[in-house]
1. For residues that are of a type in the set (Ser, Thr, Tyr) and in contact (Cβ under 8 Å) with a residue 24 or more places away in the chain, scanning just region 22-80, find the one that is surrounded by the fewest Cβ atoms within 10 Å (Cβ to Cβ).
2. Which residue, of 294, 244, is among the hydrophobic types (A, V, I, L, M, F, W, C), part of a helix (DSSP H, G or I) and touching an Asp or Glu at 6+ places or on another chain (Cβ under 8 Å)?
3. Considering only region 259-272, I want to know if a residue exists there that is under 27 Å from the mean Cα position of the chain (by Cα) and either of a type in the set (Lys, Arg) or open to solvent by less than 20 Å² (accessible area, probe 1.4 Å) (or both).
4. Just wondering, is there one or more residues in region 321-332 that are more than 15 Å from residue 191 (Cβ to Cβ), at pLDDT 95 or above and buried (at least 16 other Cβ atoms within 10 Å of the Cβ)?
5. State the number of residues belonging to region 179-209 that are under 22 Å from residue 296 (Cα atoms), open to solvent by 20 Å² or more (accessible area, probe 1.4 Å), in contact (Cβ under 8 Å) with a residue 40 or more places away in the chain and not in a loop (DSSP other than H, G, I, E, B).
6. Can you pull out every residue in region 95-130 that is among the aliphatic types (A, V, I, L, M), in a helix (DSSP H, G or I) and surrounded by 15 or more Cβ atoms within 10 Å (Cβ to Cβ)?
7. Of all residues in region 131-162 being outside any loop (DSSP other than H, G, I, E, B) and modelled with pLDDT of 90 or more, which is surrounded by the fewest Cβ atoms within 10 Å (Cβ to Cβ)?
Amino acid sequence: MLSGEAGKTVIVFEDGASDQELSSIIEATLRHASQAYRVIVATSEQAVGECLASCEPVLFIIDADRSPALRFERLVVAVRAAVATRSLPVLATVSASNLAALQEAFRLPLVDFILKPLSPDELWGRIRVCLHHAAILGDLERQNEELARKSMTDSLTGLLNTACIVQRCDQEISRAKRYDQPVSFLLVDVDGFRTVNETHGHPVGNEVLRSLAQLVRVNVRGADTVGRYGGEEFLLILPQTARAGAVILAERLRKAIEVSAFTVGLATVKVTVSIGVATFPDKGVIGRETMFLAVDRAVYRAKTLGRNLVAWLDDAPAEADAVAAGADDGGPAGREEKADD
């Protein structure tokens, strides 16, 4: 039985009912209130599932007299199992004689009831309250999701922020240990970025970083994770990727950046990047801290060899080994040495 517009759908569950009395009352009430809703009647739990799969209802109405308390609770949980209906309000019609048995069920979130016999004005008022409460909850959920997203996101680039990308490193290293699979990391450092800021100003530099972030994002795989790790540094996590595969991806990314030009207002800026590669597990890389040290030194090696390069450490020349030794002895590490680059 259908009426009204498809945009607002109400599912009425009348278990095994042949006369569909409740749905007729609902339709009459909505017409009386001049509300254009589509009313769908489900007479079995299977039919409820089919309705939920074919539409996104704004309200679920059930004749609770036909459903024992435990079954009622189970049905509410099942109806809200999908993400799209997790905040679906439920309105139960119930006789006074059955009210006590259903009290616990009526304590579920966004579950309300109305006593029989049904008054059209009271019914419409209760429907409005259910929809209003659901709208408030939906707004709160969206706000919380946005706050959670912002807490994880770098405001300039839209990538994961430093805290979040470091946390993801821990997670991926733990997963690699558990499943005995490699995970690789790329540290992308923009060459000479201070010159961009000094020549064109920080607003232009920010736009270049924003465009670079998008370029990095489109040049990685769906399973890879990208975050902003420093002022002009990006960290990439490549799950189930050995060093050889990571170097191939890093080189492809380096070339894509090298041939790109970033236009900001009247300025056209070209930049290059030095990329360090580190893989877990590998010689000397046993966890997050040693991974960060290895990938940072690899970037420094790329800088010392002329910039605009991809580098790693296990076949490092003497100068890179000296840098590593200096860092271990408390001397300047790669990040401090390349601060001006």
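The values are calculated or read from the model by the stated rules, or taken from the named source; none is laboratory data. No experiment lies behind these values; they were computed from the predicted model shown. Neighbour counts run over all protein chains shown; Cβ positions are idealised from the backbone, glycine included. For the accessible areas, the whole protein counts, side chains as well, though only heavy atoms, and no ligand, DNA or RNA atoms are used. Shrake-Rupley method; radii C 1.70, N 1.55, O 1.52, S 1.80 Å.
1. Filtering first and then ranking leaves 44.
2. That would be 294, the only listed residue that is among the hydrophobic types (A, V, I, L, M, F, W, C), part of a helix (DSSP H, G or I) and touching an Asp or Glu at 6+ places or on another chain (Cβ under 8 Å).
3. no
4. In the first step, residues of region 321-332 are kept if they are more than 15 Å from residue 191 (Cβ to Cβ); the result is 321-332.
With at pLDDT 95 or above added as a condition, the list becomes none.
The answer is no, given that none of the residues of region 321-332 is more than 15 Å from residue 191 (Cβ to Cβ), at pLDDT 95 or above and buried (at least 16 other Cβ atoms within 10 Å of the Cβ).
5. 1
6. 102, 105, 123, 127
7. Filtering region 131-162 down to residues outside any loop (DSSP other than H, G, I, E, B) leaves 131-153, 160, 162.
The next check asks that each one be modelled with pLDDT of 90 or more; those that pass are 160, 162.
Values: 160: 22, 162: 15.
Across region 131-162, the extreme among qualifying residues is 162.
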